[in-house]
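These notes concern the structure reproduced below.
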Amino acid sequence: MNILNHLAIIMDGNGRWAKNRSLVRTNGHKKGADVVNDIAIYCAKNNIKNLTLYAFSTENWKRPKSEVDFLLNLLLKFIKLKEELFLQNNIRFHTIGDLSPFSNKLKDAIANLKNKTQNNNGLNLILAINYGSQNEITRAVNLALENGYKITEQSIAKHLDSASFGDVDLLIRTGGEQRLSNFLLWQSSYAELAFTPTLWPDFNSKELEEIIAKFKSIHRKFGAI
Ligand code: IPE
Ligand code: IPE
Ligand code: MG
């Protein structure tokens with residue numbers, strides 16, 4: 001049985017979920033944010049140590065300004081409103097990605113939730129925001145050099161935003177597309193990949209459980225036999 005230490009999810013399909021219901025895309029994002037509760041609680045209860053959720057990519061700035069503004073506002077609301085979810089379920093909040101372009105209001109809310117949950121020792125919930133793997137690796141290499149390291153696989157890994165969470169064991173993408181969209185490329189070099197056509201707002205812990213059961217039975221070889 002494989003151990004699931006790090007689960008990563010590309011939460012895709014919000015826009016299509018809304019379109020299918022003749023709603024505007026933002027309704028899909030709102031519904032999508034609610035799904036996080038069920039998934040986070042499932043992971044917390046099932047002793048999964050690290051859950052990384054892709055919420056906003058370095059490429060998502062290309063969307064219309066109105067959608068970007070909505071997403072960043074939703075992120076702020078999410079962080080403020082989910083405090084209880086984190087505190088009641090012993091979940092610690094982290095982020096990966098470059099936070100520098102965000103407003104002070106958003107940065108403060110992020111810092112505040114990190115602070116308030118820093119003694120929780122159950123699930124690490126890691127939100128990937130303004131996250132791109134190529135951006136993360138580039139920053140890691142520069143940081144390693146600034147800190148006087150020679151560039152090695154170990155020194156790069158040590159300076160990634162996600163350094164403390166370990167490599168991804170299972171990567172799920174909802175919404176039917178079969179691509180990684182610049183998510184955790186380094187960390188997923190030996191991840192098991194699961195693609196589901198379910199749109200993120202329709203995803204739930206029951207489907208997650210089925211995917212995890214399949215993951216547990218796979219023979220992971222890591223290049224050996
Ligand atoms: C994923 O849903 C959420 C974000 C990228 C923020 P999308 O907004 O990409 O939804 P689709 O893929 O257009 O359906
Ligand atoms: C990936 O979804 C990013 C997030 C889920 C946050 P996208 O919808 O942005 O990816 P592409 O553009 O279809 O590859
Ligand atoms: Mg998408």
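Some values worked out for this structure:
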| item | result |
| --- | --- |
| In nm, spacing of pseudo-spin labels at residue 3 and residue 177 (7 Å Cα→C-beta vector) | 3.4 |
| Spin-label pair residue 193/residue 218, simplified geometry with 7 Å Cα→Cβ offset, distance in nm | 1.0 |
| Accessible area of the stretch 13-67 divided out per residue, in Å², using a probe of 1.4 angstrom | 53 |
| Computed [θ] at 222 nm, helices only, for the chain once each DSSP H run of length n ≥ 4 contributes -39500 (n - 2.57) | -13500 deg cm²/dmol |
| Between the stretch 51-103 and the stretch 132-202, the alpha-carbon center distance in angstrom | 17 |
| Out-of-range pairs (alpha-carbon distance over 18 Å; input 31/82; 45/206; 30/105; 45/158; 82/206) | 30/105; 45/158; 82/206 |
| Average Cα contact separation per residue, the stretch 1-149, under 8 Å, 6 or more apart, as relative contact order % | 28 |
| Estimated FRET transfer efficiency (residue 114, residue 209; beta-carbon r; R0 35 Å; 0.05) | 0.75 |
| Solvent exposure ordering (accessible area, 1.4 Å, most first) of 1, 11 | 1, 11 |
| GNM top mover of 147, 130, 50 - the chain, alpha-carbon springs below 10 Å | 147 |
| Gain on full stretching of the segment that runs from residue 67 to residue 185 - 0.36 nm per residue minus C-alpha separation | 39.9 nm |
| Accessible surface of residue 116 - all protein chains present, 1.4 Å probe, nearest 10 Å² | 100 |
| Candidates 215, 102, 78: whichever shows maximal mean-square fluctuation once the chain is modelled as a Gaussian network with Cα springs under 10 Å | 102 |
| Label-to-label distance, nm, for residues given as residue 99 and residue 145 (7 Å Cα→Cβ offset) | 2.6 |
| For the chain: rounded, prolate or oblate by the Cα gyration tensor [a/c cutoff 1.5] | rounded |
| GNM result for the chain, Cα springs below 10 Å: residue of 173, 25, 63 fluctuating most strongly | 63 |
| Dipole in debye (nearest 20) - the chain, about Cα centre, beta carbon charges: Lys, Arg +1; Asp, Glu -1 | 320 |
| Residue-span extension gain [residue 38 to residue 154] - 0.36 nm each, minus C-alpha spacing | 38.3 nm |
| With 10 Å bins from 0: P(r) over the stretch 1-123, alpha-carbon pairs, percent | 11, 42, 35, 11, 1 |
| Efficiency of FRET between residue 81 and residue 164 - r from beta-carbon atoms, R0 22 angstrom, step 0.05 | 0.25 |
| Of all accessible heavy-atom area on the stretch 6-217, the percent that carbon and sulfur account for (1.4 Å) | 48 |
| Probe 1.4 Å, accessible area per residue of the stretch 121-225, Å² | 51 |
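The values are calculated or read from the model by the stated rules, or taken from the named source; none is laboratory data. Bear in mind the structure is a predicted one, so any value in this text is a computation, not a measurement. Ideal geometry is used to build each Cβ from the backbone, glycine not excepted, and the neighbour counts take in all protein chains shown. SASA here: full protein model, heavy atoms, side chains in, ligands and nucleic acids out. Shrake-Rupley method; radii C 1.70, N 1.55, O 1.52, S 1.80 Å.
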